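Working notes, beginning with the structure itself.
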Amino acid sequence: MNGRTVLGALALIVLGLLSWELRWVLLVLFGAVVLAVALDVPITLLRRLLPLNRPTALVMVLVALVLVGGLLGQLLLPELLQQISQLSELLPALAQRLADLARQVRWLPDLERQLMELGTWDRLQPLGSQLLGLAGGAANTTIQLLLMALLAILLALDPRSHQKVVVALTPSFWRLQMGHLLGESRQALGGWLAGMTLSAVSVFLLTWAGLALLKVPLALLSALLCGLLTFVPTIGPTAATLLPLALALLVSPAKMVQVLVLRLVLQNAEAFLLTPLLLRRTVNLLPTVALTAQLCLGALLGLPGVLLALPLVVVLQVLSEEVLVKEVMDRWT
């Protein structure tokens, strides 16, 4: 082992430690890249249809997003706020219903007694400090989201200059491949975002219609949660199903079974039919790969890691195909 090899290994170790210390900065930067790609998709489409420069197209896309968001908020927000208020009123009834069901199971009353013992004043005192920590974390998250949005707008304003910076930092013998790799990553990430957005909107509308036909309480709130959590495959749809199931239980156990069947049909149709159809020309992740990435990044970075796990895996899959497979494995003799 010569001195150059040792120096390279030490540089990699230092780079890895520095990346870990700056992991939240890198997470915000990657989230900004994802948002910038999401903005770049309609910007590119708009520039193909109209002779506009990029800043003008970006302003038009942002104005359109604000107008559409305001229109949807005007149409849906009053009913949504009303349903959130109704949810707070239904929670005691739901708790009572679950307690009644728990009394019918032999081992659940002991569990209820243990939970009541945990609710003593001495054990609830640390809850105040935990709530303060939660409030501080929420404020920090809000600042990170604002910085992410600002960085995304700056990246979408002039993506070519930022790509040139990345290419310039690449060794000269691999700059052509790096430019091609950035283009492939952008195409895959943009296709994934577009496909998942259409899938989430479809799940929201179908769930809303199905719950309304079944006359389940708070159908809009439940459908909105199901649509948003579509962006977190495997874990998200399963967690989103808990709310409509609990609300259907307030009506009757038979209604809960009907909601469960509805969600199973929609979830399987989205996972095995709609999403593969929308992503067939870009990238489609295996469920095992998606779940493993969510578990790993969730353990390392918490909820932000879970939310950004799939976009990161989309980019890593392109890197693996272009670098590991084509440049290493295919040339291995």
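The values are calculated or read from the model by the stated rules, or taken from the named source; none is laboratory data. Computed from a predicted model, the values in this text were never measured in an experiment. We place every Cβ from the backbone using ideal geometry, glycine too, and count neighbours over all the protein chains shown.
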Inset, instruction - All but one of (1) over 30 Å from VAL313 (Cα atoms); (2) modelled with pLDDT of 90 or more hold for GLU79, so report the exception by its number. - result: (2)
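Tally time: how many residues in region 41-73 are among the β-branched types (Val, Ile, Thr) and under 18 Å from LEU193 (Cβ atoms)?
So the count comes out to 5.
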Inset, instruction - State the number of residues belonging to region 176-216 that are surrounded by fewer than 18 Cβ atoms within 10 Å (Cβ to Cβ) and either among the hydroxyl-bearing types (Ser, Thr, Tyr) or farther than 20 Å from GLN317 by Cα (or both). - result: 9
Inset, instruction - Could you tell me which of the residues VAL306, VAL318, VAL323, VAL314 is of a type outside the set (Lys, Arg), within 19 Å of SER19 (Cβ to Cβ) and touching a residue at least 40 places away in the same chain (Cβ under 8 Å)? - result: VAL323
Inset, instruction - Could you identify the single residue in VAL68, VAL28 that is within 16 Å of the chain's Cα centre (by Cα) and modelled with pLDDT under 90? - result: VAL28
Inset, instruction - Within region 54-65, track down each residue that is over 16 Å from LEU154 (Cβ atoms) and either within 23 Å of the chain's Cα centre (by Cα) or outside any helix (DSSP H, G or I) (or both). - result: ALA64, LEU65
Inset, instruction - Could you list, in sequence order, all residues of region 231-242 that are at pLDDT 85 or above and either surrounded by 16 or more Cβ atoms within 10 Å (Cβ to Cβ) or among the charged types (D, E, K, R) (or both)? - result: ALA240, THR241
